[in-house]
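The values are calculated or read from the model by the stated rules, or taken from the named source; none is laboratory data. No experiment lies behind these values; they were computed from the predicted model shown. Backbone-built Cβ (ideal geometry, glycine too); neighbour counts: all protein chains shown. Accessible surface is based on the protein model in full, side chains and every heavy atom, while ligands, DNA and RNA are left aside. Shrake-Rupley method; radii C 1.70, N 1.55, O 1.52, S 1.80 Å.
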Amino acid sequence: MNQTNAVIGKYRWTICSLVFFATTVNYLDRNVISYLRPFLAEAFHWTPEQEVIDYSNIELAFKIAYALGMFMAGGFIDKLGTKLGYAIATGLWSLAAIGHAFATGTGGFLIARVFLGITEAGNFPAAIKATAEWFPQKERALATGIFNSGSNIGAIIVPLTVPFIAENYGWQWAFILTGIVGFVWLILWFIYYEIPQKQKRLSQAELEYITADQVEVAEAEAVANDTEKVSWLKLLSFRQTWAFAIGKLLTDPVWWFYLFWLPDFLMKQYKLSATGIIWPCALVYMIGSIGSIGGGWLPLKLINNNWPAYKARKTSMLLYAFAVLPVLFSQYLGSINMWLAILVIGLAVSAHQAWSANIFTTVSDMFPKKATASVTGIGGMFGALGGILLTLVVQKNMFVYYTKIGKIETGYFIMFCICGASYLTAWLIMHLLVPRMKKVEL
């Protein structure tokens, strides 16, 4: 850096903190239901088999809606701009989260999850667009890793608070209180966010640092007035789009498996209560936070050592893909001591978050700013489709079958095998599609 951190390092990290906060709220709202499952089963008188079926349907409704939301979210954010688009998405998903409290059965939850899925789809396209606007290329993976760690923080807060709220005040208040947090974020967002070229709080030195990348300067000058929308058909004609989309298709479902099924795995594999899973689940996501931030640090270090940005990210992603493999042995290690299983699953979650920080950043490496939200939306939609397929083909049928015969641990072993293989498969396909970095011209 040519200037000191005191000069160039202030305001863009404020923006990163806001995006981190939004991502935390996003995962608070989507993950609450995972820890209310035993309370809902009791309230709605689900049998063990019906619990698996109804919970799978509720999860499936969210994923389908999220995929549909991603179909629209990227273009919506690119059209309205980051400030207004992000605010609308967050306000609507917060309302949807609160709406869960008024559900009186499975049907009500299905409706609430549909609205939540559609509106929550706006988070990552807006977050990636904000990062592309506010950070030079070499810092984007680190910034993405920091804001993406909000997904872990959200996942940590939920087990530490939701079972307590449900036991003492009722499961409805868990949805209401977490939903309200989004409106706190909205106030801060309108106070502090604006694109760099319009932000009066930003020093000229930091603005020059943000826009110093070659090619990025011309884009930065136009971004304040650029509302051009690039069609999905055009974006889907590029191999770079398909590399990102297939990477998300194969790896996003793994993350959703941990989010939605980890509490159930711990309760059924180790006979833990709804409150007994609090610290095991929290520890998994604490370890995951380390991977999210560390995953952004490694490519930054390689870039500072004169590695090309795209090569630095792909090399890092390959290392993270290998770090997932020990999850194959989680149940064996858990038979020795449950906490060994927690550590291995935590490592897998950490590796996923490191992977995620980098795969998101490949979008801003390969595409101009005006298309980053749209491409992120395409990838998010493919990730949701992968989650839908996993639920339909594997979880919904397989978990019901193994629950019936009293061997649910076998179903979870198959899932951990899928988790272990997904990242190396995704990395290989991405490498074959885009072996070398080439920026798309639109």
When the Cα centres of region 310-368 and region 122-167 are compared, how far apart do they sit, in Å?
17 Å
Given axes a ≥ b ≥ c from the Cα gyration tensor, I'd like to know whether region 52-96 is rounded (a/c under 1.5), prolate (a/b larger than b/c) or oblate.
oblate
Rounded to a whole number, what % of the accessible area of the chain do carbon and sulfur atoms account for, probe 1.4 Å?
67 percent
Compare A274, A22, A41 in a GNM of the chain, Cα atoms joined below 10 Å, and give the one with the largest fluctuation.
A41
Gyration tensor on Cα atoms of region 350-413, a ≥ b ≥ c root eigenvalues, a/c under 1.5 rounded, else prolate if a/b beats b/c, else oblate, says oblate
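Over the chain, calculate the relative contact order: mean separation of alpha carbon pairs under 8 Å at least 6 apart, over the residue count, as a percent. Display every interim value, and only then the final one.
On the way: 734 pairs, mean separation 117.8, N = 442.
Relative contact order comes out at 27 percent.
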Hz values of 3J(HN,Hα) by residue in region 250-258 - Karplus curve (6.51, -1.76, 1.60), Gly and Pro given as x:
8, 10, 4, x, 5, 4, 5, 4, 4
Separation in nanometres of the label points that stand 7 Å from Cα toward Cβ, at K79 and K271
5.6 nm
From the phi angles alone, apply the Karplus equation (6.51, -1.76, 1.60; θ = phi - 60°) to region 410-426 and give each ³J(HN,Hα) in whole Hz, x where the residue is Gly or Pro.
5, x, 5, 4, 4, 5, 5, 5, 4, 4, x, 8, 5, 6, 5, 4, 5
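If you take the square roots of the eigenvalues of the alpha-carbon gyration tensor of region 276-396 and sort them as a ≥ b ≥ c, do you get rounded (a/c under 1.5), prolate (a/b over b/c) or oblate?
Here region 276-396 falls in the oblate category.
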Top of G107, G247, G81 by mean-square fluctuation, Gaussian network on the chain, Cα under 10 Å:
G107
Among Q172, Q204, Q331, determine the one that fluctuates most according to a GNM of the chain built with springs between C-alpha atoms less than 10 Å apart.
Q204
Going toward the positive end of the dipole of the chain, with +1 on Lys and Arg Cβ and -1 on Asp and Glu Cβ, which of P299, G81, I378 do you reach last?
P299
Probe 1.4 Å, heavy atoms of protein chains only: per residue, the accessible area of the chain in Å² is 38 Å²
At R0 = 35 Å, how high is the FRET efficiency between I180 and W339 if r is their beta carbon distance? Nearest 0.05 is fine.
0.55
Enumerate the residues in region 130-173 having an amide nitrogen under 18 Å from the point lying 7 Å beyond the Cα of W307 toward its Cβ.
137-146
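Within the chain, which is the longest segment that contains none of the GluC sites (Glu not before Pro) sitting in a DSSP loop with at most 12 other Cβ atoms within 10 Å? Before the final figure, lay out each step's value.
Values: sites that count: E228, E441.
Excluding the exposed sites themselves, the longest stretch runs over 1-227.
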Based only on the alpha carbon positions, what is the Kirkwood hydrodynamic radius of the chain, in angstrom?
21.8 Å
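Just flag the chymotrypsin sites (Phe, Trp or Tyr not before Pro) in region 70-122 sitting in loop per DSSP whose Cβ has no more than 14 other Cβ atoms within 10 Å. Walk me through the numbers on the way to the answer.
Values: sites: F71, F76, Y86, W93, F102, F109, F115; in loops: none.
Passing both the DSSP loop test and the Cβ count: no residue.
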Provide the gained length on full extension for the span E42 to L442, in nm with one decimal, where the gain is 0.36 nm per separating residue minus the Cα-Cα distance.
138.5 nm
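Per DSSP H run of at least 4 residues, take -39500 (n - 2.57); add these up for the chain, divide by its residues and hand me the 222 nm value, nearest 500 deg cm²/dmol. Before the final figure, lay out the partial values.
Values: 20 runs with 347 residues, N = 442.
It comes out at -26500 deg cm²/dmol, rounded to the nearest 500.
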Cβ-Cβ FRET estimate between A421 and W297, R0 fixed at 30 Å, reported to 0.05:
0.70
